[in-house]
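Notes follow the structure.
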Amino acid sequence: MSLTLTVLGTASPHPAPGRPCSGYLLSAPGAEVWVDAGPGSFAELQRHTDPARLSAIWISHLHADHTADLLSAFYAFAYGGLTPPAPVPVYAPDGCAQRLAGFFGRPDPDFLAGVFAFHPLADGHTVRHGELLLTSRAVVHDVPAYGLRAEAGGRVLAYSGDTGPCPALTEAARDADLFLCEADIDAHREGEQVHLTPEDAGAAARAAGARSLLITHVGPTLTPGSATARAAAVFGGPTRTAREGAVHRL
């Protein structure tokens, strides 16, 4: 298969037993990319690959439920014997290195350079690893945030990250074979558009012409099953719930 998604974690806003926060492994010939590093996802990553073999890490935004396990990875790479052959590229919003250095109480992140090579994301940022092409799209959230379009061998996977409804999300998911999309909230608070309801997720998938929808990052006011059913009713196409350990081959 040319493109594979392995689900590492789906929880929001905190990990639960057997359910880490957001984390995914994208695999294509010549590439393995860890997408979002939510708490608990690094342990799950090790079930599916040797983290020292990672081609890159891609981070949608800097909230802790998507980044905190970068600290676990740093300890593993620097002190735990899972040393990669070269610093691992980390594609993340600007300030990620400083945020990680803050865990150590150090203002200068240069000490991280032996483990991670940080590259700031921007709208339209593209990078290729092996046969995997990653394109980032700026989406609407309460901090700088990006959705992801991943392509390999003619297959397309789109990932919402955390976002409110916006045209950039639809464009990122245009004609995707699989659209991995958050459905975090039951309803929008007045004037707030920083997450998606299940109906928003279904509408975005339908507008994008996605072939299938995978619901993730379901918050505590919903159940994964109910969120998936609500999204499916709007989308009208194949809709599933993201489950830890599931492998989706495109």
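The values are calculated or read from the model by the stated rules, or taken from the named source; none is laboratory data. Bear in mind the structure is a predicted one, so any value in this text is a computation, not a measurement. A quick note on method: Cβ atoms are made from the backbone with ideal geometry, for glycine too, and the neighbour counts reach across all protein chains shown. What goes into the accessible areas is simple: the full protein's heavy atoms, side chains included, and nothing from ligands, DNA or RNA. Shrake-Rupley method; radii C 1.70, N 1.55, O 1.52, S 1.80 Å.
Would you point out which residue out of Ala97, Ala76 is over 26 Å from Ala204 (Cα atoms), touching a Phe, Trp or Tyr at 6+ places or on another chain (Cβ under 6 Å) and without any contact (Cβ under 8 Å) to a residue 60 or more places away in the chain?
Details: Ala76 fails: touching a Phe, Trp or Tyr at 6+ places or on another chain (Cβ under 6 Å).
Within the list Ala97, Ala76, the selection yields Ala97.
Output the number of the condition that Gly130 fails; it satisfies all remaining conditions of (1) in contact with a strand residue (DSSP E or B) (Cβ under 8 Å, 6 or more places away or on another chain); (2) at negative phi; (3) open to solvent by 10 Å² or more (accessible area, probe 1.4 Å).
(2)
Among the residues of the range 140-159, what is the count of those that are out of contact with any Pro (no Cβ under 6 Å at 6 or more places or on another chain) and more than 19 Å from Leu5 (Cβ to Cβ)? Can you show your working first?
Going through the range 140-159, the residues out of contact with any Pro (no Cβ under 6 Å at 6 or more places or on another chain) turn out to be 140-143, 145-159.
Remaining after also requiring more than 19 Å from Leu5 (Cβ to Cβ): 140-143, 145.
Result for the range 140-159: 5.
Please go through the range 105-127 and give me each residue that is more than 26 Å from Ala168 (Cβ to Cβ), open to solvent by 20 Å² or more (accessible area, probe 1.4 Å) and not in a helix (DSSP H, G or I), ordered by number.
So the first thing to find is which residues in the range 105-127 are more than 26 Å from Ala168 (Cβ to Cβ), and the list is 105-117.
With open to solvent by 20 Å² or more (accessible area, probe 1.4 Å) added as a condition, the list becomes 105-111, 113-114, 117.
Hits for the range 105-127 are Gly105, Arg106, Pro107, Asp108, Ala117.
Answer yes or no as to whether Glu171 is of a type in the set (D, E, K, R) and within 22 Å of His217 (Cα to Cα). Let's see the steps before the verdict.
Values: of a type in the set (D, E, K, R): yes; within 22 Å of His217 (Cα to Cα): yes.
In short, yes.
Report every pair of residues separated by at least 6 positions or lying on different chains whose Cβ atoms are under 6 Å apart, first residue within the range 158-182 and more than 15 Å from Leu26 (Cα to Cα), second open to solvent by 10 Å² or more (accessible area, probe 1.4 Å) and acidic (Asp, Glu).
Pairs found: Pro165/Asp200.
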